[in-house]
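This report refers to the structure that appears directly beneath it.
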Amino acid sequence: KGMVNLSKMNNLLFVDEEKMQVRVQAGMRVSELVDALKPYGLTLMNYASIKEQEIGGFVQAGAHGTGAAIPPLDDTVVAMKLVTPGRGVLDVSRDSAPQLLDALKVGLGAFGVVAEVTLQCVKQHDLEEHTFTASRQDVVKNHKEWLKNNKHIRYMWLPYTETVVVVTNNPTSKPKGLKGEEISEEEEDRRVAPLRDLLIHSIKRIDEKTSEKLGLDVDLVGSLNFAECRDWLLKFNALDTNHIINVNRAEAKFWKNSGGRVVGDSSEMLQFDCGGEQLVYEVCFPTGTLEHPLKPVQKDDRTVDAKSQDVAFVVDLLDEIESRKLPAPCPIEQRWTRASKSRMSPAASANMDDVFCWVGVIMYLPVSDPTVRNGITSHFQDYIKLVREVGGRMKSDIYPHWGKIEMPAKTDAKALEADQKWLARRYPVPLFNALRWELDPKNICANDVINKAFPFKG
């Protein structure tokens, strides 16, 4: 086993300003590309939550941002250079071999090493971000219009609360900066107060030895920001549902205190702080079109009468979490993209009007104690099973983001076979494996996850 390091292949090779297309080496980080494009007045069409991925992995794993009329990032690839064990160097483009390009774009690293990528860009632009809170019923009532009328939108559902955080981003010519008054230190203190108050109360309830072991100092609480407060709070017991409920409710108060608008470059507005060390599972499923959303499967005991499959999925997941008392921290994140032409994308479709929903769940790893971390990991596996159980009730089922997929152990042959059949219902496995046979006949490039998901004998 080994890993190819492309970090030194990080150059911008060519810019076609008229077509707004750029050719880059695959080891270039997204953040480096953003800076390199600024002199040309260009930027990427969309961004994932972070910008430290290398471009090759960014598109091979199917990274995505949010925006129901914007495709996942892999669908902005118009050409690529692939170095393969079986066929040497391949140059594939939308003009020369569109079907082959669509088959190779989300290749999961299984066909060879991506050396260069040509991306379709857009003009550099500013976005106005609007953050506000809504109730679950508000989301049901307004979701269709919000999805249609905002270029970028995401929801953060907060378990054990009625609060949903809504974040929209839309093009603007307004000057950069906060809209309205600048946030003072006093205002920041007011926003974070619910979390700080809970943290101080929690620290005072434990003995000094435990406090020192967890690295908690009540005198430092006043200097902590929102994310730091949450991390400290989760150190107490990330698996105590009652404690998690209190933390989530304090977080809901924080978000209610923190609504507002800010303007900035799209590359800055579309990334966000994902929090501390964490376990993440994300799934994707079709949700109809903007004009005709898919209706949910009928469920008599659904607590909120959702009108579309995407909202109903999260409502059903929350209902199960809360009835089973799962220690689920905030947030459950929900985003959308347009369909992708990439054959192995979870959002693959022949109809470019189709909209796909992406939902991510999370559990944090706030301490280094192996026993505690193993316990959290075990509970997170239960969380994943619950997500799949709820998704399995839908007509379309759900499929994981390739960067977050987990396959059963080879020793669990029954579960592994079931997951292989599950994936085969969604993806063109014969085509994928035929390309592997042609381009990597000795199966050098695939990893254990790929070999378990798509059995192949080179």
### Residue-normalised accessible area of the stretch 8-97, given per residue in Å² at a 1.4 Å probe
41
### Query
Residue by residue through the stretch 330-347, which ³J(HN,Hα) values in whole Hz follow from phi under the Karplus form 6.51 cos²θ - 1.76 cosθ + 1.60 (θ = phi - 60°), with glycine and proline marked x?
7, x, 9, 9, 10, 9, 9, 9, 6, 5, 10, 7, 5, 5, 9, 6, x, 9
#### Entry: Test item: Cα-centred dipole of the chain, Lys/Arg +1 and Asp/Glu -1 on Cβ, debye
1420
### Query
Can you list the GluC sites (Glu not before Pro) in the stretch 249-289 that are in a DSSP coil and have 15 or fewer other beta carbons within 10 angstrom?
GLU277
### Summary
With DSSP loop assignment and no more than 13 other C-beta atoms within 10 Å, the trypsin sites (Lys or Arg not before Pro) in the stretch 96-179 are LYS176
### Share of carbon and sulfur in the accessible heavy-atom surface of the chain [1.4 Å probe, %]
50
### Query
Residue by residue through the stretch 389-402, which ³J(HN,Hα) values in whole Hz follow from phi under the Karplus form 6.51 cos²θ - 1.76 cosθ + 1.60 (θ = phi - 60°), with glycine and proline marked x?
4, 5, x, x, 7, 7, 5, 8, 6, 10, 9, x, 4, 5
### Task
State, as an integer percentage, the relative contact order of the chain based on alpha-carbon contacts under 8 Å between residues 6 or more apart.
19
## Note on the structure
Per its Cα gyration tensor (rounded if a/c is under 1.5, else prolate when a/b beats b/c, else oblate), the stretch 138-244 is best filed as oblate
### Task
Tell me which residues come under 5 Å, amide H to amide H, from GLU116 once H is placed; ignore anything under 5 positions away on its chain.
ALA26, LYS81
### Task
Mind checking the per residue accessible area of the stretch 289-400 for me, 1.4 Å probe, whole number of Å²?
41
### Query
In the chain, with Lys and Arg counted as +1 and Asp and Glu as -1 at Cβ, which of these residues, ILE332, ALA306, MET269, has the Cα nearest the positive end of the dipole, that is, farthest along it?
ALA306
### Task
Select one label from [x] 26.1; [y] 20.5; [z] 23.1: the one whose number is mean projected area of the Cα convex hull in nm² as derived from the coordinates shown.
[z]
### Task
Any chance you could check the Cα centroid distance between the stretch 79-156 and the stretch 248-282 for me, in angstrom?
21
### Task
Take the alpha carbon gyration tensor of the stretch 234-310, find the square roots of its eigenvalues, order them as a ≥ b ≥ c, and report rounded if a/c is under 1.5; if not, report prolate when a/b exceeds b/c, else oblate.
oblate
## Note on the structure
Everything considered on the Cα gyration tensor (a ≥ b ≥ c; rounded for a/c under 1.5, else prolate if a/b is larger than b/c, else oblate), the stretch 309-458 must be described as oblate
### Summary
For the chain, whose charge dipole is built from +1 on Lys and Arg Cβ atoms and -1 on Asp and Glu Cβ atoms, the candidate among TRP157, ILE70, TRP402 with its Cα farthest towards the positive end is TRP402
### Task
Could you tell me how many degrees, from 0 to 90 and to the nearest 10, lie between the Cα long axis of helix 413-424 and the main elongation axis, the longest principal axis, of the Cα atoms of the chain?
70
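The values are calculated or read from the model by the stated rules, or taken from the named source; none is laboratory data. Only a predicted model underlies this, so the values are computations on that prediction, with no experimental measurement involved. Glycine also receives a Cβ, built like all others from the backbone with ideal geometry; neighbour counts cover every protein chain displayed. The accessibility values were calculated without ligands, DNA or RNA, using every heavy atom of the protein model including side chains. Shrake-Rupley method; radii C 1.70, N 1.55, O 1.52, S 1.80 Å.
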